[in-house]
1. For the Cα atoms of the chain, what angle does the longest principal axis make with the long axis of helix 180-190, in degrees from 0 to 90, nearest 10?
2. Give me the net charge for the shell around TYR144: Cβ to Cβ below 14 angstrom, other residues only, Lys and Arg +1, Asp and Glu -1.
3. So in region 29-171, what percent of DSSP beta bridges are antiparallel if you round to the nearest 5?
4. Looking at region 11-97, which trypsin sites (Lys or Arg not before Pro) are in a loop (DSSP not H, G, I, E or B) and have at most 12 other Cβ atoms within 10 Å?
5. Give me a comma-separated list of calculated 3J(HN,Hα) values for region 54-68, in order, Karplus coefficients 6.51, -1.76, 1.60 applied at θ = phi - 60°, integers in Hz, x for any Gly or Pro.
6. Enumerate the calculated ³J(HN,Hα) couplings along region 133-149 in order (Karplus 6.51 cos²θ - 1.76 cosθ + 1.60, θ = phi - 60°), each rounded to whole Hz, writing x wherever the residue is Gly or Pro.
7. Counting pairs of alpha carbon atoms under 8 Å apart in space and at least six apart in sequence, what relative contact order in percent does the chain give?
8. Expressed as a whole number of Å, what is the distance separating the alpha-carbon centroids of region 46-81 and region 133-165?
Amino acid sequence: MSDRARRALVFGASGQIGAALLARLRAAGWQVDAVSRTPPGDGGEPGLRWHRGGFPDVEPPSPDCDAVFSCGPLDRFSLWYAAARLQAPRAVAFGSTSLATKAGAEDAGERALAATLREAEARVFEAARERGAQATLLRPTLVYGAARDANLSRIAAIAQRSGGFVLPRDATGLRQPVHVDDLAQAALAAAQAPAAGGRAYALPGGETLPYDQMVERVLAALPRRPRLWRVPAPLFRTALAAAHAAGRLRGLPAGAVARLREDLVFDAGPARADLGYAPRPFRPTARMLLADAGPAPP
Ligand SMILES: NC(=O)c1ccc[n+]([C@@H]2O[C@H](COP(=O)([O-])OP(=O)(O)OC[C@H]3O[C@@H](n4cnc5c(N)ncnc54)[C@H](OP(=O)(O)O)[C@@H]3O)[C@@H](O)[C@H]2O)c1
């Protein structure tokens with residue numbers, strides 16, 4: 001293999017997973033072209049160039065690279081990648097385990113999301129095959145670690161503000177929260193692992209625990225040590241229905257509450273075998289959860 005630096009094109013580089021991937025790529029000596037609709041600063045740093053652009057009409061800054069990574073919306077990337085004039089022997093794209101967990105959901109919007117993810121994955125594989133490239137799809141579970149996710153960071157912010165968080169007593173479905181940096185490591189490995197071409201991997205976190213225990217650990221990591229209140233499930237659902245009727249809690253489909261009881265568990269075995277995937281156990285800190293948690297300890 002030549003000793004020139006490998007070159008990566010990264011979409012979604014400003015996102016929580018994308019930022020972790022940028023750091024990993026640069027630490028491994030890759031030259032990175034990162035694309036954003038609103039790039040930070042005006043240029044880049046050694047080994048990193050930012051480019052302004054977004055799907056569907058962004059032009060690749062160079063017609064070839066060693067790997068293209070997608071850490072943004074998979075459906076948009078898949079359409080772009082299928083049409084782009086880009087030669088890259090490897091493509092690594094993040095999808096979601098929602099493809100499986102929401103396929104049979106009550107909510108039509110959630111079922112549509114699962115179908116969209118499935119079609120987008122198929123489009124990426126097909127587009128790679130047509131150009132003689134190898135694609136790998138990565139499906140994370142519940143992502144945390146960058147203090148800006150829509151799940152645990154949101155719970156942390158509410159609890160930190162109000163002093164507590166309420167769950168129904170049956171919120172005991174199993175979860176596998178996964179840290180952004182473990183995902184970044186898997187993406188980097190996927191771009192280089194011979195066995196990863198043409199494959200999709202679930203990327204769960206390194207620990208499986210009930211939803212309420214996961215939330216307990218989040219609260220225990222916060223400076224105010226908010227309390228977790230468990231209320232009878234019927235009472236919780238009645239209160240939630242009332243909040244919905246009053247026009248609050250928009251964007252929280254009924255299925256999301258029903259899923260608190262469901263186990264959403266995936267096997268890390270294939271990713272472990274092919275990518276050396278070794279996700280950390282769930283030990284959240286305030287800095288992983290809250291954007292204003294202060295600087296890292298010395
Ligand atoms: N968060 C989770 O719990 C979770 C779980 C499973 C799977 N995933 C998947 O993992 C991937 C990354 O998730 P994330 O949470 O890291 O995302 P995120 O923090 O929300 O970042 C999304 C990125 O997508 C880019 N983007 C959005 N619309 C775009 C467009 N039209 N054209 C180009 N770029 C666009 C944004 O870049 P700019 O704004 O800079 O353009 C942003 O950097 C996604 O595919 C997501 O579905 C996430």
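The values are calculated or read from the model by the stated rules, or taken from the named source; none is laboratory data. On a predicted model such as this, the values are computed, not experimentally measured, just so you know. Note: ideal-geometry Cβ built from the backbone for every residue, glycine included; neighbour counts use all protein chains shown. To get the accessible areas, we keep the full protein, side chains included, count just its heavy atoms, and leave off ligands, DNA and RNA. Shrake-Rupley method; radii C 1.70, N 1.55, O 1.52, S 1.80 Å.
1. 30 degrees
2. Working: positive: ARG148, ARG154, ARG175, ARG217, ARG280, ARG283, ARG287; negative: ASP149, ASP181, ASP182, GLU207.
So the surrounding residues net to +3.
3. Around 10 percent antiparallel, to the nearest 5.
4. Listed in order of number, the matching sites are ARG37, ARG85.
5. Each residue of region 54-68 in turn: x, 6, x, 10, 5, 8, x, x, 9, x, 9, 6, 7, 7, 10 Hz.
6. 9, 10, 10, 10, 10, 10, 10, x, 8, 8, 8, 8, x, 9, 6, 8, 8
7. Relative contact order of the chain: 18 percent.
8. For region 133-165 versus region 46-81, the Cα centre distance is 24 Å.
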